[in-house]
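The values are calculated or read from the model by the stated rules, or taken from the named source; none is laboratory data. Here the structure is a predicted model, which means the values were calculated and not measured.
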Amino acid sequence: MGYMIAALGGLASVLAAAVTVLVRRERRRMPFDPEAGRIEAATRRRLRDARRQAHAYHHFADVDGVGSLRNRDARPQ
């Protein structure tokens, strides 16, 4: 029983140390300037586009996807 209490105490102290480090790091951040805002917005946009493209590749990677591309191209317009 004593070992379990010691292990839980050790785990709690490790988690408390990690939270303390994160809080201190957040407080040290510089104020948000316009250039940083533009950089973060562009990064979010690129991540969204990359996810969208990966989803499209995954969708058309299987056998049905290739067939649907062929069917789409063969349709009369």
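Tabulated data
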| read-out | value |
| --- | --- |
| Verdict on Ile5 being among the hydrophobic types (A, V, I, L, M, F, W, C), within 24 Å of the chain's Cα centre (by Cα) and either in a helix (DSSP H, G or I) or modelled with pLDDT of 75 or more (or both) | no |
| Unique match (being modelled with pLDDT of 70 or more and part of a helix (DSSP H, G or I)) among Leu22, Leu69 | Leu22 |
